[in-house]
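Q: For reference, the structure I am asking about is given below.
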Amino acid sequence: MSTPAPLPPMSLLAELTHRCPLQCPYCSNPLALDGREAELATADWIGILDQAAEMGVLQVHFSGGEPMARPDLPELVRHAVARGLYTNLITSGVLLNAATFRPLAEAGLDHVQLSFQDVDAGPAEQVGGMKGAQEKKLEAARIVVADGMPLTLNFVIHRDNVERIPRMLELARALGARRVEIAHTQYYGWGLVNRAALMPSRAQLDEATQAVEDARARLGSSMTIDYVTPDYYADRPKPCMGGWGQRFVNISPAGRVLPCHAAETLTGVPFPDIRTATLAEIWQNAPLFRQFRGTDWMPEPCRGCEFREQDWGGCRCQALALLGDAGATDPVCTRSPHHDRITAILDSLPADPPPFIYRRFGNAPGGER
Ligand code: SF4
Ligand code: FES
């Protein structure tokens, strides 16, 4: 058993805002979205970037919501670059044009990760809930590539777009992306709410996996293809976040410091606030971070399992969402005594999916949380 001494986090996910022109029903943001009035100020983020650099963080991912909704984004990028951090912008692209991109490039932005909902405007804009979004995204991709900045495209996969993976890969290649993520929906936040409308069948998953393997064989090293599967169909869980409180730290728009994007679903433990403690203190000592770090917290069967330092018992937020206990073995694991919960969910997927519940302020089932 071991609880490793916490090395500094490798990556900081800076969720600058939950505001976003899109409304994707698989968004990983929490159901209780932070409003503009709750957002950290520019000076708060500058201080966070300083602290992150001093701790030895290597990368900062500016995310949201839509981080380009923050007018101070170029200033934050410039500051991060000056502090030696690798900077990645995770964006929907709908606010990225020649005028808004220039200050980011001049600030030294290293990389753009651009999300697409689909290859064709019709289904893409039905999922994103914004008319005209697809053309803006295509233009955003062209601007980034023309600048010479590395571009990753991200496609979130679900039952309604899974058969278009070959065309998604072709679009990424045609646009000049260096990397593409074919990422099946992960069932947290709004994705969990919409699970019955989004989850592919086993046959669809197998077809998707084959399409990715075929494209990898065809394209070789000319474009990297990352493939993320829906772990409900796996035998072993993913090592979520590379282990709780071991590699990643998230900061929410309102300043809560979290081990992952879904940690706000936990109850009974205070959420550390970057305005009342330093990042280093929180990382090392906050009960939220210590709670599931390493292996000492593990129940059986994880405690005696040979994989415990590979997958770290899976995902705490998934165990909480599906079993009501964040300290349980992730039920995705076939060794979990509750794996039948996953089987039951997959067995009961409806033939006719329900309508989407779109991600927007005030639209969460049961109120804001
Ligand atoms: Fe991972 Fe626990 Fe399953 Fe072992 S029993 S594979 S450690 S989730
Ligand atoms: Fe929170 Fe996996 S999403 S631990």
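The values are calculated or read from the model by the stated rules, or taken from the named source; none is laboratory data. Note that the coordinates shown come from a computational prediction; the quantities given were computed from them, not determined experimentally. Because the Cβ atoms are built from the backbone with ideal geometry, glycine has one as well, and the counts that use them run over all protein chains shown. Side chains are part of the model used for accessible areas, which takes the heavy atoms of the whole protein and leaves out ligands, DNA and RNA. Shrake-Rupley method; radii C 1.70, N 1.55, O 1.52, S 1.80 Å.
Q: Based on the Cβ-Cβ distance from Tyr86 to Ala38, what FRET efficiency comes out when R0 is 25 Å, to the nearest 0.05? Walk me through the intermediate numbers first.
A: On the way: r = 28 Å, r/R0 = 1.12.
Result of the calculation: an efficiency of 0.35.
Q: Write down the percent of antiparallel bridges among all DSSP beta bridges whose residues are both part of the chain, to the nearest 5. Display every interim value, and only then the final one.
A: On the way: 3 of 36 bridges.
Around 10 percent of the beta bridges assigned by DSSP in the chain are antiparallel ones.
Q: For the chain, with only Lys/Arg (+1) and Asp/Glu (-1) charged at the beta-carbon, what is the dipole magnitude about the Cα centre, in debye rounded to 20?
A: In debye, rounded to 20, the chain gives about 200.
Q: May I ask you to list the aspartates and glutamates whose Cα is less than 18 Å away from that of Lys136, ignoring any residue fewer than eight positions away on the same chain?
A: The qualifying aspartates and glutamates are Glu66, Asp118, Asp120, Glu125, Asp147.
Q: Using 0.36 nm per residue, how much length does the chain from Asp147 to Ala174 gain when fully extended, once their Cα-Cα distance is taken away? Please list the in-between numbers first.
A: Values: separation 27, 0.36 × 27 = 9.72 nm, distance 1.60 nm.
Here the segment from Asp147 to Ala174 would lengthen by 8.1 nm.
Q: Could you please report the charge total around Glu163, scoring K, R as +1 and D, E as -1 over all other residues with beta-carbon less than 15 angstrom from its beta-carbon?
A: Working: positive: Arg159, Arg164, Arg167, Arg202; negative: Asp118, Asp120, Asp160, Glu170, Asp206, Glu207, Asp214.
Surrounding charge for Glu163 is -3.
Q: Using the Kirkwood radius over Cα pairs, work out the Stokes-Einstein diffusion coefficient for the chain at 20 °C and 1.002 mPa s, in µm²/s as a whole number. Walk me through the numbers on the way to the answer.
A: Working: Rh = 21.2 Å.
Calculated translational D: 101 µm²/s.
Q: Also, I was wondering about something else. Ignoring ligands, DNA and RNA, please state the percent of accessible area on the chain from carbon and sulfur, probe 1.4 Å. Could the numbers behind the result be given before it?
A: On the way: 7930 of 14980 Å².
Carbon-and-sulfur percentage of accessible area, whole number: 53.
Q: Another question, then. Based on Cβ point charges of +1 for Lys and Arg and -1 for Asp and Glu, what charge dipole magnitude is obtained for the stretch 19-134 about its Cα centre, in debye rounded to the nearest 20?
A: Values: 7 positive and 14 negative charges, 33 e Å.
Dipole size: approximately 160 debye.
Q: Once you mark the GluC sites (Glu not before Pro) that are in a DSSP loop and have at most 13 other Cβ atoms within 10 Å, what is the longest gap between them in the chain?
A: Details: sites that count: Glu306, Glu368.
With GluC sites (Glu not before Pro) excluded where exposed in loops, the chain gives 1-305 as its longest stretch.
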